[in-house]
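The values are calculated or read from the model by the stated rules, or taken from the named source; none is laboratory data. Given the structure is predicted, the values throughout are model-derived calculations rather than measurements. Cβ atoms come from the backbone with ideal geometry, glycine included; neighbour counts cover every protein chain shown.
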Amino acid sequence: MNLHIGVIRGDGIGPEIVTEAVKVLNKVGEIFGHTCQYEELLLGGASIDVHGVPLTDETIEKAKTCDAVLMGSIGGDAKTSPWYRLEPSKRPEAGLLAIRKALNLFANLRPAVLYEELKEACPLKEEITEGGFDLMIMRELTGGLYFGERRTEEVDGVMTAYDSLTYNENEIRRIAKRAFEIAMKRRKHVTSVDKANVLDSSRLWRKVVEEVAEEYPEVTLTHMLVDNCAMQLVKDPKQFDVVLTENMFGDILSDEASMVTGSIGMLASASLNETKFGLYEPSGGSAPDIAGLGIANPIATILSAAMLLRYSFDLDQEADAVEAAVSRTLKDGYRTGDIMSEGKTKVNTKEMGDLICERICRK
């Protein structure tokens, strides 16, 4: 198969970690008989330096011709970078929001995986984390409270603010379908999270999700109120497979889930549209303070590349091989500085990429 992949190297540590992920994709192609065709794209600060804006129409059009886009981190130091002396609409992060909108990336996937080898980094009790856990937060990304009507005005002499939480059934149905499709690739369990005891939008959410569930009889559906879910994530994260929820709830729960894994340097993410197209990126920032030092952890970006193989190309065996190689590398005791512990072998960014490549193989 020919994999046509857009590559946004990004800012800060972005180019370093993307280089290692591309190396991994090339190794997968070599072992499994695929070819990788890359389209270099500019976004964020790198685009500002060349074009004066964080995102150009040319980048959007080129991205649309690709099957998927792999992206490094975007942005710089807000205190020192000249990018942040520009108006907000011209800053690096504005480009990221704009490309998500232009590509209609409505489904955000944020896996939270605790490897057995890294359990000492997890803040939860050992009896909770024994054996590790693997869950996926599926967050609706383009609707809900963050995109509803809002205003602030004086009412009877009192300043009053309004924010509208709105979802229609089509928005709910498309994210629910994607969640069930992804559950079919995992352990076939969807937990739909809402606040149906209070909110009309959540009651519609629950109704539509139940309708979609009928199309996937192999998948078990359970409902959970968002406050209970927040508690259960720290009480028993192993109970979850795919957690499906709306925009604001997903924003909060995905950050909570990320922290119980121990290091954001391990966390991949994907944003998908209604086709197989997706934009894949690490969850962490651009870390400009360590850019160019060769010490950044590339694993989140490498795991994002594994998600790219799985969800945009349906190459599950290849994605499994990458994830298994990461696990074996950790099991063999290799660590970048952010996940270093006593008795392990510290390696740099390039060395970690090389070690993972060496362990990619067919089962």
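Some points to look at:
- For the range 326-341, the criterion of being under 20 Å from the mean Cα position of the chain (by Cα) and either on the phi > 0 side of the Ramachandran plot or of a type in the set (S, T, N, Q) (or both) is met by at least one residue.
- Failed item, numbered, when Gly44 is tested on (1) at positive phi; (2) surrounded by fewer than 21 Cβ atoms within 10 Å (Cβ to Cβ); (3) not hydrophobic (A, V, I, L, M, F, W, C): (2)
- Filtered residues of the range 185-203 (kept if over 19 Å from the mean Cα position of the chain (by Cα) and aliphatic (A, V, I, L, M)): Ala196, Val198, Leu199
- Boolean, Val7 is within 21 Å of Gly292 (Cβ to Cβ), modelled with pLDDT of 95 or more and in the same structural domain as Ser304 (by TED's automatic domain parsing): yes
- Qualifying residue in the range 70-90 (condition: surrounded by fewer than 19 Cβ atoms within 10 Å (Cβ to Cβ), modelled with pLDDT under 95 and either outside the structural domain of Ser304 (by TED's automatic domain parsing) or at positive phi (or both)): no
- Taking the criterion of being assigned to a loop (DSSP other than H, G, I, E, B), farther than 27 Å from Asp200 by Cβ and in contact (Cβ under 8 Å) with a residue 60 or more places away in the chain, no residue of the range 133-164 qualifies.
- Hey, Arg100 under 18 Å from the mean Cα position of the chain (by Cα), basic (Lys, Arg) and within 20 Å of Asn273 (Cα to Cα) or not: yes
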